[in-house]
Amino acid sequence: MSGGDGTATATRAEQCVIACAEAWRGDGELLASPMGLIPGIGARLARRTFAPDLLLTDGEAMLIGPDGEREGWLPYRRHLELVTSGRRHVMMGASQLDRYGNQNISCIGDWHRPTRQLLGVRGGPVNTLNNPTSYWVPRHSRRVFVEKVDMVCGVGHDSAAAAGPSATRFHCLRRVVTDLAVLDFDTPDRTLRLASLHPGVTVADVREATGFALTLPDEIPYTREPTSEELRLIREELDPDGLRHREVPA
């Protein structure tokens, strides 16, 4: 597989970096909050290339540049102001995700007596109801993409609609990036649609790994391939140790 300019070859992990980076395209001066290694590389790549106004944080109290240099102070109270005012685009993980975008990171099984205890609800409701939200799933499988989540943490389109205008006013689910494809909610009923396939992946692969029927457009493109310069940045500057391949093996 050649790069976007035909001069380089990308691994699946690097395709995922590009797909994550594209989530922040056009966001302008917005705080990017990537959760996960590959989303983090993607956010820094976006900042270095097509999204120079994107704000990055060290996860604690500092604004940082794409190389980790300190650019400013971001105290927790200011961070919460950005979250609740819609000036943040978070890319969260998901232990379960349904067709409407309801996310579960709290428990598996009946929440009264769960079979597995996970992270907890955390900031899922606040994130999804107040600022743009995307998801990163490094292992696309039927264990993650389920017909119904065991507990709603991140709020999906049907749950937001049921709660009324106060929940839908700022509700914005952007995309779901997995190791197989990019999914979005560009459908009349706001359910998941197969937006693009990573090179080497088939529609049958995605269907087999999904626990519900995805909407399939008439034509399904491949995920944008990285340019040789983007590959150079990923390999030499943003992730020279190749940690991306631990998250998505080559």
Charge dipole (the range 119-191, unit charges on Cβ, about Cα centre) - positive-most of T187, A162, V137: V137
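Counting other Cβ atoms within 10 Å, keep those with at most 14, restrict to DSSP loop, and tell me which GluC sites (Glu not before Pro) in the range 166-250 are left. Walk me through the numbers on the way to the answer.
Working: sites: E208, E219, E229, E230, E236, E237, E247; in loops: E219.
Hits after loop and neighbour filter: E219.
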Tell me, in nm to one decimal, what length is gained between Y76 and A162 on full extension, where the rule is 0.36 nm per residue of separation less the Cα-Cα distance? 27.8 nm
Rounded to whole Å², per residue accessible area for the range 183-229 with a 1.4 Å probe reads 51
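What value, in deg cm²/dmol to 500, does the helix sum -39500 (n - 2.57) over DSSP H runs of n ≥ 4 give at 222 nm once divided by the residues of the chain? Mind dumping the intermediate values first?
Values: 9 runs with 65 residues, N = 250.
Helix contribution divided over all residues of the chain: -6500 deg cm²/dmol.
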Relative contact order computed over the chain (Cα-Cα under 8 Å; 6+ residues apart), in percent: 23
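If you take every DSSP beta bridge whose two residues both sit in the chain, what share of them, in percent to the nearest 5, is antiparallel?
Roughly 55 percent of the DSSP beta bridges within the chain come out antiparallel.
Want the number for S228 to F170: 0.36 nm per residue separation, take away the alpha-carbon distance, what's left?
Numbers: separation 58, 0.36 × 58 = 20.88 nm, distance 3.73 nm.
That pair, S228 and F170, stretches by 17.2 nm at full extension.
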So what does R47 come to for accessible area, using a 1.4 Å probe and Å² rounded to 10? 40
How do L45, L243 stack up against each other in accessible area, from largest to smallest, with a 1.4 angstrom probe? L243, L45
Point-to-point label distance, D241-D67, nm (Cα→Cβ direction, 7 Å offset): 1.9
Spelling it out for Q96: with amide H atoms placed in the peptide plane at 1.01 Å from N, the residues 5 or more places away or on another chain with amide H under 5 Å from its amide H are N104
Between T57, T115, T215, find the one with the highest GNM mean-square fluctuation for the chain; connect C-alpha pairs within less than 10 Å. T115
Residues whose placed amide H lies under 5 Å from that of S196, excluding near-sequence neighbours: V182
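Taking Cα pairs under 8 Å and at least six residues apart, what relative contact order does the range 80-122 come out at, in percent?
24
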How do V201, V121, V152 stack up against each other in accessible area, from largest to smallest, with a 1.4 angstrom probe? V152, V121, V201
Around C107 (Cβ within 11 Å, Cβ-to-Cβ, excluding C107; K/R +1, D/E -1) the net charge comes to 0
Excluding ligands, DNA and RNA, the carbon-plus-sulfur percentage of the accessible area of the chain with a 1.4 Å probe reads 50
Gain in span if fully extended, L216 to R122, counting 0.36 nm per residue against the direct Cα distance: 30.6 nm
Heavy-atom accessible area of D150 with all protein chains present, probe 1.4 Å, nearest 10 Å²? 60
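Order R99, R235, R77, R139, most accessible first, counting only protein heavy atoms with a 1.4 angstrom probe. Present the calculation step by step, with values, prior to reporting the outcome.
Details: R99 50, R235 90, R77 160, R139 115 Å².
Putting R99, R235, R77, R139 in descending order of accessible area: R77, R139, R235, R99.
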Considering only DSSP beta bridges where both residues belong to the range 165-250, give the percentage that are antiparallel (nearest 5). 80
Show me the chymotrypsin sites (Phe, Trp or Tyr not before Pro) within the range 21-126 that DSSP assigns to loop and that have at most 14 other Cβ atoms within 10 Å of their Cβ. F50, W111
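The values are calculated or read from the model by the stated rules, or taken from the named source; none is laboratory data. Remember, predicted model here, so these are calculated numbers, not experimental data. Every residue, glycine as well, gets a Cβ built from its backbone with ideal geometry; the counts of neighbours run over all protein chains shown. All accessible areas refer to the heavy atoms of the entire protein, side chains included, with ligands and DNA or RNA removed. Shrake-Rupley method; radii C 1.70, N 1.55, O 1.52, S 1.80 Å.
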